[in-house]
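One structure is given here, and the rest of the page talks about it.
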Amino acid sequence: MANLGPATTVTASTVATLTPVNTLTNPGPQGLNSLRLLASARAVSLAATGDAAVMPVINAASYVPTVVLTTNSTGGTVAGVSLGVFTAAAAGGTAVRANGALTGQTTSTFAFVQTASSAATLSTAQNLFVNVGTAVAGTTTDIFVYGYDVS
């Protein structure tokens, strides 16, 4: 048998998978009305204030965000960083997570899970903006927004 190339490993924590659905025979596609990953950004720089990242919403026309998770911080403790996630640039629109300190995220191996500020608000914004209010030089973090897809 011929060599098909180098082996690769893909895990659920490194790839966001979208499954195509034939909506003619299945009007309730995968992920509909379920708690799932809505948007994510990796290695977001926390070294400067202002908008640090834009996270496109993954396959949802309307959704209710419930949890914002930050993890894998680098460059030191990010507990002094203040950040928020919003539906418009420059901390505008609806606050998915109001600008606040990451006081619980003290090590790179810690995952800081926070309830979304807008957990009772149906959203249709197709981009979520990460806004840093208080910066700490040389630091980054990964951000994940989970919620219910109701589209």
*Highest first, please rank the peptides 42-50, 63-71 by the mean number of other Cβ atoms sitting within 10 Å of their residues.*
63-71, 42-50
_Rg over Rh of region 36-149, using C-alpha atoms and the Kirkwood radius, what does it come to?_
0.94
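Each value in this text was obtained by applying a stated rule to the coordinates, not by laboratory testing. What you see is a predicted model; the values in this text were computed from it and never measured. Positions of Cβ are backbone-derived with ideal geometry, glycine not excepted, and every protein chain shown enters the neighbour counts.
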